[in-house]
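Enquirer: Questions regarding the structure given below will be posed in turn.
Derivation of every value follows stated rules applied to the coordinates shown; laboratory data play no part. Quantities reported herein were computed from a predicted structural model and do not represent experimental measurements. Cβ placement follows ideal geometry from the backbone for every residue including glycine, while neighbour counts extend to all protein chains displayed.
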Amino acid sequence: MSNSPLRPDEVLAGRLAEARKLLSEVRLPAADADRLRRQFIAVCDAIKAPEADPDTGLRRLAAFMTTLEQASAKAPGNSSHSEESMP
């Protein structure tokens, strides 16, 4: 294996996969989940545009992740305390 740094498009692909996984795992009210899915699709569409560049995609994805994390923190059942108390 090479220790060469990842290219921006490789970093973007990995972070998109992380965002998709988190979005699928978080428990949100239906309206919030639908809104966030639409936002994620919009980020993905913008990244695939012919004029898109990985750095802009990373910024868009970071903004989406911030929104997702905030929604997750506000939603009941998503706190770390409830996960720790699960059998």
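Enquirer: Stokes-Einstein diffusion coefficient for the chain at 10 °C in a medium of 1.306 mPa s, Rh from the Kirkwood formula over Cα pairs: what value in µm²/s?
Expert: D = 111 µm²/s.
Enquirer: At 7 Å along the Cα-to-beta-carbon direction for both Ala49 and Arg20, put a label point, then send me their distance in nm to one decimal.
Expert: 2.1
Enquirer: To test your reading of the geometry: what angle, between 0 and 90 degrees and rounded to tens, separates the Cα axis of helix 54-74 from the longest principal axis of the chain?
Expert: 0
Enquirer: Rank Ala63, Ala33, Ile47 by how far each Cα sits towards the positive end of the charge dipole of region 1-68 (+1 on Lys, Arg Cβ; -1 on Asp, Glu Cβ) and give me just the farthest.
Expert: The residue sitting most towards the positive pole is Ala33.
Enquirer: With θ taken as phi - 60° and the coefficients 6.51, -1.76 and 1.60, list the Karplus ³J(HN,Hα) couplings across region 7-23 in order, rounded to whole Hz; mark glycine and proline as x.
Expert: Using θ = phi - 60°, the values come out as 6, x, 5, 6, 4, 4, 4, x, 6, 4, 4, 4, 5, 4, 5, 4, 4 Hz.
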